[in-house]
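Down below is the structure, laid out as structure tokens.
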Amino acid sequence: MSQAPELKAPNKAISHSTLGRARRWSWIFQRVSGALLIALIAIHLTVNLVRGDGINQIDFAFVAGKLASPFWQWFDFTMLILAMVHGGNGMRMVIDDYARKPWLHATLTWALRITTVVIIVLGTLVLFTFDPCPANADPSLLPSFCEDFS
Amino acid sequence: MTATAEKPAEAGAIPSMTVTLKILRFDPDGLDGREAGTEYWEEFTVEAHATDRVLDALHKIKWEQDGSLAFRRSCAHGVCGSDAMRINARNRLACKTLLKDLNPAKPIMVEPIKGLPVEKDLIVDMEPFFASYREIMPFLMTTGTAPERERLQSPEDRARFDDTTKCILCAACTTSCPVFWTDGQYFGPQAIVGAHRFIFDSRDEGEWDRLEILNDKAGVWKCRTAFNCTEACPRGIEVTKAISEVKHALNTGEI
């Protein structure tokens with residue numbers, strides 16, 4: 001019997017490190033966050049576009065009113081984090097599959113990481129530092145509770 | 001060879017038809033004034049019976065029209081798994097595909113299976129495919145001394161992995177997998193089927209070694225459940241289900 005020929009791809013050295021576990025958790029996260037996002041986005045769309053006056057109700061006052069409530073702040077924050085990490089994780093898999101040149105792979109992966117973090121930070125800032133009653137604004141455009149402050 | 005080409009007299013009762021085969025050829029040597037490594041489509045027209053398979057048409061071309069056409073086949077009856085090819089954009093065994101089932105009114109497109117390096121015409125280098133299979137250690141692993149009699153197993157334990165014992169290593173599933181096409185680092189559905197056959201065998205004790213290998217970067221987590229493998233399998237193995245069972249075992253730690 002001659003010896004089996006030298007192995008070629010796919011024979012990357014098998015790592016028993018955290019790598020395998022990381023892949024597994026990324027797979028599980030993708031499924032769990034996907035299910036959660038379906039529920040969150042359905043509620044988001046129903047509250048914004050279906051209930052009340054529907055699409056016509058969306059103006060500064062409506063959005064400001066929602067973002068003044070801690071419930072909607074945390075609801076939107078959860079949706080933001082899940083959507084960005086879910087989408088970023090999916091993009092990472094696409095990059096892993098299709099960007100074969102090492103420099104391209106590294107560039108795209110880092111671009112993806114940076115944009116994900118920047119969008120999460122900006123979104124969180126808006127959610128938690130938003131001023132629903134800006135000074136010197138036309139009171140007719142503001143949510144009703146702003147009158148208490150003026 | 002001529003004996004197979006001659007049909008018995010009553011074969012005239014079977015309706016015959018003219019079939020065009022459009023074959024994607026690859027010429028590594030540069031014959032007939034072609035540049036070495038040329039890839040080109042070539043059309044052949046053959047007279048065939050309604051009972052003929054794609055393999056019969058390929059035989060007719062090779063034996064009667066162009067002896068340089070290269071393809072693999074061994075048993076020619078769907079057992080050895082040598083003649084997997086992409087026929088009308090689907091991976092099938094040429095010996096199990098009837099011409100009449102393929103709409104013979106149009107040219108039948110025959111290509112080598114995708115994702116493996118083509119060596120000549122319909123012959124691909126199967127080595128990366130077999131390397132993946134070797135990597136999951138497709139042999140019985142046990143501890144202790146070997147028993148004097150055969151290792152017994154209940155019918156229920158046998159049924160647990162029955163589906164994946166049917167694999168003939170034809171590579172139709174692996175080369176239909178879009179993830180395998182992209183970077184070639186994925187083990188591919190067949191290696192996972194091969195591992196499944198031992199992981200869920202009550203007599204085998206190497207299940208966690210194999211699961212650890214499949215938990216790797218190139219392992220089961222690359223599967224996107226595209227179901228191409230299940231559709232391509234000429235043996236009817238539910239490949240995607242087998243992959244999901246391996247994922248389940250890794251997630252729960254139970255086999």
Relative contact order (%) - the stretch B:2-124, alpha-carbon pairs under 8 angstrom, separation at least six | 29
Over both sides of the B-A contact, add up the buried accessible area with a 1.4 Å probe and give it to the nearest 100 Å².
-> 2300
Size-normalised alpha-carbon gyration radius of the protein assembly as shown, reference 2.2 N^0.38 Å = 1.36
Angle between chain B longest axis and helix B:239-252 axis [Cα atoms, degrees, rounded to 10] = 20
Identify all lysines with a Cα-Cα distance to A:K101 below 23 Å; exclude those on the same chain that are fewer than 8 residues away in sequence.
-> A:K8, A:K12, B:K114, B:K217, B:K222
Mind listing, in residue-number order, the residues in the stretch B:186-234 that have at least 40 Å² less accessible area with every protein chain present than in their own chain alone (1.4 Å probe)?
-> B:E212, B:N215, B:D216, B:K217, B:W221, B:R224
Show which lysines lie in cross-link reach of B:K106 when reach means a straight Cα distance below 19 angstrom and same-chain residues fewer than eight apart are skipped.
-> B:K22, B:K60
Rounded to a whole number, what % of the accessible area of the stretch B:77-210 do carbon and sulfur atoms account for, probe 1.4 Å?
-> 54
Assigned charges on the beta-carbon of Lys, Arg, Asp, Glu; the protein assembly as shown dipole about Cα centre (debye) = 320
By how many degrees, 0 to 90 and rounded to 10, does the Cα axis of helix B:189-199 deviate from the longest principal axis of chain B?
-> 40
In whole percent, what relative contact order does the stretch A:21-143 give with Cα contacts below 8 Å and a gap of six or more residues?
-> 35
Under 21 Å Cα-Cα from B:K166, which lysines qualify once same-chain neighbours fewer than 8 residues away are excluded?
-> B:K96, B:K241, B:K247
Expressed in square angstrom to the nearest 10, the accessible area of B:H248 with a 1.4 Å probe stands at 110
Restricting to Cα pairs under 8 Å and 6 or more apart, the percent relative contact order of chain B works out to 16
Helix-only [θ]222 nm of chain B, DSSP H runs n ≥ 4, -39500 (n - 2.57) each, per residue, nearest 500 = -7500 deg cm²/dmol
Are there cysteines in chain B with no other Cys C-beta under 4.7 Å, and if so, which?
-> B:C95, B:C167, B:C170, B:C177, B:C223, B:C233
B:D32 accessible area, 1.4 Å probe, all protein chains in place, Å² to nearest 10 | 140
First compute the accessible area of the stretch A:21-143 with a 1.4 Å probe, then give the percent of it belonging to carbon and sulfur atoms.
-> 73
Counting only heavy atoms of protein chains, what accessible area per residue, in Å², does the protein assembly as shown have with a probe of 1.4 Å?
-> 55
Cα centroid of the stretch A:88-149 to Cα centroid of the stretch B:166-234, whole Å = 38
Of B:V220, A:S33, B:P107, which is farthest on the positive side of the dipole of the protein assembly as shown, counting Cα position, with +1 on Lys and Arg Cβ, -1 on Asp and Glu Cβ, and the Cα centre as origin?
-> B:V220
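The values are calculated or read from the model by the stated rules, or taken from the named source; none is laboratory data. It should be emphasised that the depicted structure is a prediction, and the values quoted were computed from it without experimental measurement. With ideal geometry, Cβ positions are generated from the backbone for all residues, glycine too; neighbour counts draw on all protein chains shown. We work out accessible area using only protein heavy atoms, side chains counted, and drop any ligands, DNA or RNA first. Shrake-Rupley method; radii C 1.70, N 1.55, O 1.52, S 1.80 Å.
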